[in-house]
Amino acid sequence: MKTKFLLAAALGALLVTTGANARTLKFEYSAKGIFGPTLQGPADLSTGPDTNKAVTVLSTPTPTNPVTIMWEGISQYDNAIVARPNYIPPDTMGAVGLTQYFETANGVYSIYDKNTGAQLKLTSDTAWWGSVGQPAAANCDSRVMYNADAKRWMVISFAGSVANLQIAVSDTDDAMGGWKSTVFTGFAGGTADYPTLALDKTSVYIGTNNFKVGCYSGNPASNAFCGTTLNVIPLDSLFNNSAPTVANMKQFVNTYTYGASADVDQGFAQQGVNSSSVGTPGYVVANSLFYDDNVAFDVNGLTSSSATGGSLSTLDAPVLGMATMQNAGPGRQPSPIVANQRIIDTLGQRISSSAYEVGGLIYMVQTVDSAADGLDEARVRYTIINATTKAIVAEGDIGTAGYDYYQGAIAVNALGQVVVVYNRSGSQTADNNGDGRPDGNISVMAQTFKTSASGDLVAVSGELLLKVSPTSDYHNGSLDGSAAAGRQRWGDYAQVSLDPGTSHGFYVIGEFAREPNNPTNGHPGGTGGTRWGTWIAGLNVGSVPEPASWAMMITGFGFIGGAMRRQRKSVATA
């Protein structure tokens, strides 16, 4: 029997539809209002420095291992160091620039030398935003990008109110230098939740999922899903010679009305598509509000000076027609406590991190259960579509039987080289790979691919183990050795970014589980809560071998559709 999310009793009323042609909002996209926002763990904070933080690992890329550098990023222990709440999950996010790597997490920001991993700055998110001109209030749901054309950084997050979003832009390519900022209303009176971030040659795209008490008339006291907003801001308004503004921005609002036949599908967690192509529309992808599938549409009429003349290519985007999928159940881990052996939140089908357009193809990843294999395991699904027609060119699932694969992110360079980062975990207690930890512990993994002539992904590296968690029992809401309590959180993001200093370089960041917070593990004053950490790695894929040197198990189907060759693969790592 497939593992499902626990249905709250209140959902019976929440999901009722009344219009004859109405479509029902998927449960997981109404659940934010029921389960609540980011968690704050118990205040069992350790004292003193984090002596267990892993050291930087430098290496020379080889044909079998393109990794050049790895280091530990922000951890939950850093929240204590900068006196911020014990946020769960971290909202793992980072980006690479010419000389630095900038990481954001809930409560903490950090800047590193990208070539050595040396930490240049550690600060609370509130202090950082205060330093760039905004009130030093609670700031979560951050994202960061580097604009290689402008050679400047951009950070977004909630403002002092979760109804508002703030944007900061650096003065130069030095993230340690000066910044300026602006703020705008994302969703008045509610929460402009889960802001996404992308940029192309004309615009910056910020999508939000909107929640507010009173949006659902059947339960007016509930904090309900109200729809989405796609905020499109011209590049010239943000990356100018004075200060960033949202002048000439356009907001595309899709209101969900719980039963009206007028409800349309523009997706959940709308993700603008990063693109370096000139003369193309703005591209947007998202998971469908109603179906186990994705949608895609364009924003036409944009220029680098104004988005006010922009229009959507469709108000009700058709689904792509993806291979069978459903929500994955919680991820497994080899915990000695039976109740904790399947509790890791795999997040659902939303496209949680960046999508990319290269050479007329759009690439995206998300977590799914393919359902067809009968394994009840999470997989990272990649989908490649034709940017113009939105026809699926190729799709496949990354994963091996016996493990859950989740929280994926992707980036694609101008050469069609691809890096995917993700988490892997399972029930395995054996240490077959010789790293000193159970193979089932939550791990940060990556794979490299190239794009074939037919538009599919061809594996170039094998599966790369970047970091394995030192604990087999990560959970929220209770102390080490206890059964998990309350909602379990993981992610919500991972990220892969293109290194602007080299044509073959990528940097990845993902979450892993740190050791419990207690004196036995070197944390005096801690009472035993489990903790998250983040792991950063640089890869240079210019040195990897041709794909023929790696064995891959490929099963599935292929067929000709129109002028495009569509492929569906199940990818098991060698």
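The values are calculated or read from the model by the stated rules, or taken from the named source; none is laboratory data. All values reported here derive from a predicted model rather than from experimental measurement. Note: ideal-geometry Cβ built from the backbone for every residue, glycine included; neighbour counts use all protein chains shown.
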Report summary line: Filtering the stretch 495-512 down to residues that are among the small types (Gly, Ala, Ser) and under 9 Å from Asn413 (Cα atoms) yields Ser503, Gly505
Query raised in the report: Since Tyr258 meets every condition but one in (1) modelled with pLDDT of 95 or more; (2) touching a helix residue (DSSP H, G or I) at 6+ places or on another chain (Cβ under 9 Å), which condition does it not meet?
Result: (1)
Query raised in the report: Is there a residue in the stretch 158-168 that is assigned to a strand (DSSP E or B), within 23 Å of the chain's Cα centre (by Cα) and surrounded by fewer than 23 Cβ atoms within 10 Å (Cβ to Cβ)?
Result: yes
Query raised in the report: Which of the residues spanning the stretch 73-105 are part of a loop (DSSP other than H, G, I, E, B), under 21 Å from the mean Cα position of the chain (by Cα) and not small (Gly, Ala, Ser)?
Result: Asn86, Pro89, Pro90, Asp91, Thr92
Requested in this report: Quick one: which residue in Lys121, Lys114 is over 27 Å from Met249 (Cα atoms) and crowded, with 21+ Cβ neighbours inside 10 Å?
Outcome: Lys114
Query raised in the report: Of all residues in the stretch 398-433, which are without any contact (Cβ under 8 Å) to a residue 40 or more places away in the chain, among the small types (Gly, Ala, Ser) and touching a strand residue (DSSP E or B) at 6+ places or on another chain (Cβ under 8 Å)?
Result: Gly402
Query - Positions within the stretch 228-268 being under 27 Å from the mean Cα position of the chain (by Cα) and of a type in the set (A, V, I, L, M), in sequence order - result: Leu230, Val232, Ile233, Leu235, Leu238, Val246, Met249, Val253, Val264
Query raised in the report: Hey, Gly348 hits all of (1) within 30 Å of Leu25 (Cβ to Cβ); (2) out of contact with any helix residue (DSSP H, G or I) (no Cβ under 9 Å at 6 or more places or on another chain) but one; which does it fall short on?
Result: (2)
Report summary line: Exactly one of Ala43, Ala80 is under 23 Å from Ser482 (Cα atoms) and modelled with pLDDT of 80 or more, and that residue is Ala80
Report task. Please indicate, with yes or no, whether at least one residue in the stretch 362-375 is farther than 12 Å from Asn294 by Cα, surrounded by 22 or more Cβ atoms within 10 Å (Cβ to Cβ) and of a type in the set (Asp, Glu). Result -> yes
Requested in this report: Return the residue satisfying two criteria in turn: it lies in the stretch 450-489 and is free of Cβ contacts under 8 Å to residues at least 60 places away in the same chain and not hydroxyl-bearing (Ser, Thr, Tyr), and of such residues it is farthest from Glu395 (Cα to Cα).
Outcome: Asp480
Report summary line: Within the stretch 281-304, of all residues that are under 14 Å from Lys250 (Cβ atoms), touching a Phe, Trp or Tyr at 6+ places or on another chain (Cβ under 8 Å) and among the aliphatic types (A, V, I, L, M), the one surrounded by the fewest Cβ atoms within 10 Å (Cβ to Cβ) is Val299
Query - Residues satisfying the stated conditions in the stretch 55-71, i.e. more than 17 Å from Val541 (Cβ to Cβ) and out of contact with any strand residue (DSSP E or B) (no Cβ under 7 Å at 6 or more places or on another chain) - result: Val55
**Report entry** Only listed residue being closer than 30 Å to Asp113 by Cα, crowded, with 19+ Cβ neighbours inside 10 Å and among the small types (Gly, Ala, Ser), chosen from Gly501, Gly526, Gly491, Gly522
**Finding:** Gly491
Report summary line: Screening Ala307, Ala328 for residues that are surrounded by 15 or more Cβ atoms within 10 Å (Cβ to Cβ), within 30 Å of Ala430 (Cα to Cα), at pLDDT 95 or above and among the aliphatic types (A, V, I, L, M) leaves only Ala328
Query raised in the report: Do we find that Trp179 is aromatic (Phe, Trp, Tyr), modelled with pLDDT of 95 or more, buried (at least 20 other Cβ atoms within 10 Å of the Cβ) and within 19 Å of Ile74 (Cα to Cα) in this structure?
Result: no
Query raised in the report: Restricting the search to the stretch 111-157, which residues are part of a strand (DSSP E or B), β-branched (Val, Ile, Thr) and over 24 Å from Thr208 (Cβ atoms)?
Result: Ile111, Thr123
Query - Lone qualifier among Val571, Val508 - being modelled with pLDDT under 85, in contact with a strand residue (DSSP E or B) (Cβ under 6 Å, 6 or more places away or on another chain), assigned to a strand (DSSP E or B) and crowded, with 23+ Cβ neighbours inside 10 Å - result: Val571
Query - Whichever residue in the stretch 393-428 is crowded, with 22+ Cβ neighbours inside 10 Å and of a type in the set (Val, Ile, Thr) and, among such residues, is farthest from Ile442 (Cα to Cα) - result: Val393
Query raised in the report: What are the residues in the stretch 87-116 that are out of contact with any Asp or Glu (no Cβ under 8 Å at 6 or more places or on another chain) and free of Cβ contacts under 8 Å to residues at least 60 places away in the same chain, if any?
Result: Tyr87, Asp113, Asn115
Query raised in the report: Within the bounds of the stretch 194-204, is there any residue that is crowded, with 21+ Cβ neighbours inside 10 Å, among the acidic types (Asp, Glu), in contact (Cβ under 8 Å) with a residue 60 or more places away in the chain and within 30 Å of Gly133 (Cα to Cα)?
Result: yes
